[in-house]
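The values are calculated or read from the model by the stated rules, or taken from the named source; none is laboratory data. As the structure is a prediction and not an experimental result, all values here were calculated from the model. Note that we place each Cβ from the backbone using ideal geometry, even for glycine, and neighbour counts take in every protein chain shown. Just the protein is used for accessible areas: all its heavy atoms, side chains included, with ligands, DNA and RNA removed. Shrake-Rupley method; radii C 1.70, N 1.55, O 1.52, S 1.80 Å.
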Amino acid sequence: MNAPWIQAQLRQLLAQRGHAWLLHGPSGLGQYKLALSLAQAWLCDRPTAEGACGQCESCHQVDVRAHTDLVVLMPETAMLELGWPLAEKAQAELDDKKRKPSREIRVDAMRDTLEFAQRTSGRGRGQVVLVYPAERMNQVTANALLKTLEEPPGDLRFVLATEAAHQLLPTIRSRCQGHALAWPEAGEAVAWLQEEGVAAAAAAGLLRAAGGRPEDALRLHQAGLDARTWSQWPKALVRGDTGVMAGWSPAQLVESLQKLCHDLLAVRSGAAPRFFDAADLPAAGSIEGLTGWWRSLAETTRTVEHPFNAGLMLEDLVAQARTALHSKP
Ligand SMILES: [Zn+2]
């Protein structure tokens, strides 16, 4: 069952014609789920205005990730995370440890997709290519896709999803109908989080920690973050207590520090904080100090996937944070 704000958008998209959709907007609002629901509805044997029936053979094949008329074009890291099978050759290379899963959409995968596009629909309801996240195509793969987008064979449809539409080739954007992901109402998102197993007392706090993006909030919950810890760590950091942060992954650590830095800068410039309650923020740091910190955090995000030493990284980041927090104009 889709979250209510996803379901509403699905209904809206199905009511329109279009053979190529570009879903864009911040991650954490459900763009992948919306893209997949749209693909499943297109391929369903008994679709309604609400989407796929969920019962037919086609729906079943999508559910078990084995639909002959559906190709998902994703980086291998995303395919593994979302449970999609890799092409035989790619899987064999990973099994033999010849290389690591790719974080880009590979040229090989694009080549397979173009071959797929030339075949005829196996089940007679057309074919679908789902691309996610579309910004992970490089110049070569994007140009290859463009050709098919420009002259799609008869019954081929596309759904691309991205959180960085500005990084796509303008020609790709212009070949697609755009749809901006809708933000849920806070109450709607909190109710959904509770349905997903987040305690009522924690849901609003986690939603705040995720900047209002419900799927990100759920991910934080699943990563073991609780709302109380979230509200308390900034002031603990200023006191020199980094116990809680030591348990975070490098990526989670950098992201959390970015959120803190963002909110401190916001407050310093007279805006409302986004990820924390104003009362939970330390009164600390000069604009100059915080701006410098912001820049070095941005630099760190480029290497955070492969820190040479996670322990040292924590030490460095904490030292950097404390310098910024104690900076005086
Ligand atoms: Zn169905």
Worksheet item: Do we find that GLU81 is closer than 21 Å to THR141 by Cβ and free of Cβ contacts under 8 Å to residues at least 12 places away in the same chain in this structure?
Response: yes
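Being touching a helix residue (DSSP H, G or I) at 6+ places or on another chain (Cβ under 8 Å) and surrounded by 24 or more Cβ atoms within 10 Å (Cβ to Cβ) is the filter; apply it to region 23-35 and report the residue that is farthest from LEU149 (Cα to Cα).
Top of the filtered list is LEU29.
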Fill in: Unmet criterion (only one of (1) open to solvent by 60 Å² or more (accessible area, probe 1.4 Å); (2) closer than 30 Å to ALA200 by Cβ; (3) free of Cβ contacts under 8 Å to residues at least 12 places away in the same chain) for ARG274
(3)
Worksheet, complete the sentence: Residue hits (region 138-163; open to solvent by 10 Å² or more (accessible area, probe 1.4 Å) and in contact (Cβ under 8 Å) with a residue 40 or more places away in the chain) are PRO152, ARG157, GLU163
Worksheet item: If GLY122 satisfies every condition in (1) over 26 Å from the mean Cα position of the chain (by Cα); (2) more than 16 Å from the ligand (Cβ to nearest atom); (3) of a type outside the set (Lys, Arg); (4) modelled with pLDDT under 95 but one, which is the exception?
Response: (2)
Item to complete: Just give me the residues in region 16-37 being within 16 Å of the ligand (Cβ to nearest atom) and touching a residue at least 60 places away in the same chain (Cβ under 8 Å), in sequence order.
Response: LEU36
Worksheet item: Here are some residues: ALA279, ALA284. Which one is open to solvent by less than 50 Å² (accessible area, probe 1.4 Å), small (Gly, Ala, Ser) and over 20 Å from the mean Cα position of the chain (by Cα)?
Response: ALA284
Worksheet item: Which residues, counting only those in region 48-63, are within 13 Å of the ligand (Cβ to nearest atom), open to solvent by 60 Å² or more (accessible area, probe 1.4 Å) and not acidic (Asp, Glu)?
Response: THR48, GLN55, HIS60
Worksheet, complete the sentence: Of the residues in region 266-276, those that are under 23 Å from GLY240 (Cβ atoms) and under 26 Å from the mean Cα position of the chain (by Cα) number 3
Item to complete: Filter region 237-255 down to residues that are open to solvent by 10 Å² or more (accessible area, probe 1.4 Å), not in a loop (DSSP other than H, G, I, E, B) and not acidic (Asp, Glu), then give me how many there are.
Response: 8
Worksheet, complete the sentence: When region 1-18 is checked residue by residue, the ones that are touching a Leu at 6+ places or on another chain (Cβ under 7 Å) and either outside any helix (DSSP H, G or I) or among the basic types (Lys, Arg) (or both) are ASN2
Discussion item. Of everything in region 168-187, what is in a helix (DSSP H, G or I), surrounded by fewer than 15 Cβ atoms within 10 Å (Cβ to Cβ) and within 20 Å of the chain's Cα centre (by Cα)? Give them in sequence order.
Written reply: ALA186
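Before we move on, is GLY197 out of contact with any Lys or Arg (no Cβ under 7 Å at 6 or more places or on another chain), open to solvent by less than 70 Å² (accessible area, probe 1.4 Å) and small (Gly, Ala, Ser)?
yes
Each row is one residue, and each column tells you yes or no for (1) hydrophobic (A, V, I, L, M, F, W, C); (2) open to solvent by 60 Å² or more (accessible area, probe 1.4 Å); (3) more than 16 Å from the ligand (Cβ to nearest atom).
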residue: ALA39; (1), (2), (3): yes, no, no
residue: ARG46; (1), (2), (3): no, yes, no
residue: HIS67; (1), (2), (3): no, no, no
residue: PRO75; (1), (2), (3): no, no, yes
residue: GLU88; (1), (2), (3): no, yes, yes
residue: ARG103; (1), (2), (3): no, yes, yes
residue: ARG106; (1), (2), (3): no, yes, yes
residue: GLY126; (1), (2), (3): no, no, no
Item to complete: Select from region 207-236 the residues that are open to solvent by less than 20 Å² (accessible area, probe 1.4 Å), closer than 11 Å to PHE276 by Cα and over 23 Å from the mean Cα position of the chain (by Cα) and list them in ascending order.
Response: TRP233, PRO234
Item to complete: Please state which of the following conditions ALA283 fails to meet, knowing it meets all the rest: (1) touching a Ser or Thr at 6+ places or on another chain (Cβ under 6 Å); (2) at pLDDT below 90; (3) over 19 Å from ALA202 (Cβ atoms).
Response: (1)
Discussion item. Need the failing condition index for GLY122 against (1) in a loop (DSSP other than H, G, I, E, B); (2) surrounded by 14 or more Cβ atoms within 10 Å (Cβ to Cβ), just the number.
Written reply: (2)
